[in-house]
Amino acid sequence: MNLKEQLLEDMKTAMREKDVLRKETLQICRAAILQVEKDQRIELDDAGICEILSKEYKKRAETLPDLGDREDIIAKYKAEMTIIEKYLPKQLTESEIIEIVNETIAEVDATSARDMGKLMQALQPKTKGRADGKLVNQIVRKQLET
């Protein structure tokens, strides 16, 4: 069963169990997936679906600091993020990212900040969907400085 089918089945289960938050969150995710498929006239694979789910997760994560003292909305967003997280690949820890960056630096023979483009291009396939791009970028800059 691919990720798209899994989302549909889990949404049906949430409907049967009358789990409103889970149902609505999965509907939002499925709508985003279907919109991309319709706009681009393609059938997304699991990697493409993960990318969209990551965007949905990131939207909520970036909105949290702006909510201030709206505890009700903050709790809802955190619950939605927990639901979405279950469908995303396991995120890399900072130490794992550092290890991957160091290996890739050795592979592409990067020595200075000038090599950052080449390095990031080599890193992208290794970390895509499994690590936040900003964090990877910060780690790369730090490793190239030392």
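The values are calculated or read from the model by the stated rules, or taken from the named source; none is laboratory data. Values in this document were obtained by computation on a predicted structure and should not be read as measured data. Counting neighbours? That spans all protein chains shown, and the Cβs are built from the backbone with ideal geometry, glycine included. Just so you know, the surface numbers come from the protein's heavy atoms only, side chains and all, with ligands and any DNA or RNA stripped out. Shrake-Rupley method; radii C 1.70, N 1.55, O 1.52, S 1.80 Å.
Could you check segment 33-56 and list, in sequence order, the residues that are of a type outside the set (Asp, Glu) and more than 21 Å from ALA131 (Cα to Cα)? LEU34, GLN35, VAL36, LYS38, GLN40, ARG41, ILE42, listed by residue number.
Residue-level check: of (1) over 26 Å from LYS86 (Cβ atoms); (2) touching a Pro at 6+ places or on another chain (Cβ under 8 Å), LYS142 misses just (2).
Residue selection: GLY133 fails the criterion of being in contact (Cβ under 8 Å) with a residue 60 or more places away in the chain and not polar (S, T, N, Q). Taken residue by residue, segment 107-124 has at least one member that is out of contact with any helix residue (DSSP H, G or I) (no Cβ under 7 Å at 6 or more places or on another chain) and within 24 Å of LEU3 (Cβ to Cβ). The criterion of being touching a residue at least 24 places away in the same chain (Cβ under 8 Å) and more than 24 Å from CYS50 (Cα to Cα) holds for MET116. Screening segment 45-146 for helices (runs of 4 or more DSSP H) wholly inside it with 1 or more residues that are open to solvent by less than 50 Å² (accessible area, probe 1.4 Å) and of a type in the set (Lys, Arg) returns the ranges 46-63.
When you check LEU21 against the structure, is it without any contact (Cβ under 8 Å) to a residue 40 or more places away in the chain and either touching a His at 6+ places or on another chain (Cβ under 9 Å) or surrounded by 12 or more Cβ atoms within 10 Å (Cβ to Cβ) (or both), yes or no? So LEU21 does not fit the description; no. From LEU34, LEU8, which residue is more than 21 Å from TYR77 (Cβ to Cβ), free of Cβ contacts under 8 Å to residues at least 12 places away in the same chain and of a type outside the set (Gly, Ala, Ser)? After ruling out the rest, the residue left standing is LEU34. Pairing each residue of segment 85-110 that is over 12 Å from THR127 (Cα atoms) with any residue that is open to solvent by 90 Å² or more (accessible area, probe 1.4 Å), provided the two are 6+ apart or on different chains, yields C-beta distances under 8 Å for VAL108/LYS118; ALA110/LYS118.
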